[in-house]
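Only one structure is covered here, and it is reproduced in the block below.
The values are calculated or read from the model by the stated rules, or taken from the named source; none is laboratory data. Please read these numbers as outputs of a predicted model, since none were measured by experiment. Glycine gets a Cβ as well: all are built from the backbone with ideal geometry, and neighbour counts include every protein chain shown. Just so you know, the surface numbers come from the protein's heavy atoms only, side chains and all, with ligands and any DNA or RNA stripped out. Shrake-Rupley method; radii C 1.70, N 1.55, O 1.52, S 1.80 Å.
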Amino acid sequence: MIAFPILESWNTHSKVATIVATADKKRILCRISMEVLRERFDASEDEPMQSLIEYRADIQEAARKLIESETYEEDGSILIRSCDL
């Protein structure tokens, strides 16, 4: 089972939002860039996390599919791209 606790952060330097998933007792970082947030959800540069909150279900569903298909980055995280949404 894949769960998504309400854990999220914004990296101002890399401009990447991170949400957390748990699967098989492992914590998986799921990342989405400002570019993708802006492209897919018309995110604001001033408040990028607002789009993450507003479209959480869509972002979590994309992350779930990537986790289920084991599409991990080298560091074990998930990177959500525009084509995944």
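Here are a few things to note about the model shown:
- The helices (runs of 4 or more DSSP H) found wholly in the range 9-85 and carrying at least 1 residues that are at pLDDT below 95 and hydroxyl-bearing (Ser, Thr, Tyr) occupy 48-54.
- With respect to the conditions (1) touching a residue at least 12 places away in the same chain (Cβ under 8 Å); (2) small (Gly, Ala, Ser); (3) more than 17 Å from residue 5 (Cβ to Cβ), residue 77 lacks only one, and its number is (3).
- Selection status of residue 12, hydroxyl-bearing (Ser, Thr, Tyr), open to solvent by 70 Å² or more (accessible area, probe 1.4 Å) and more than 10 Å from the chain's Cα centre (by Cα): yes
- Taken over the range 54-81, residues that are under 11 Å from the mean Cα position of the chain (by Cα) and either open to solvent by 40 Å² or more (accessible area, probe 1.4 Å) or not β-branched (Val, Ile, Thr) (or both) amount to 13.
- Hey, residue 6 of a type in the set (A, V, I, L, M, F, W, C), open to solvent by 70 Å² or more (accessible area, probe 1.4 Å) and free of Cβ contacts under 8 Å to residues at least 60 places away in the same chain or not: yes
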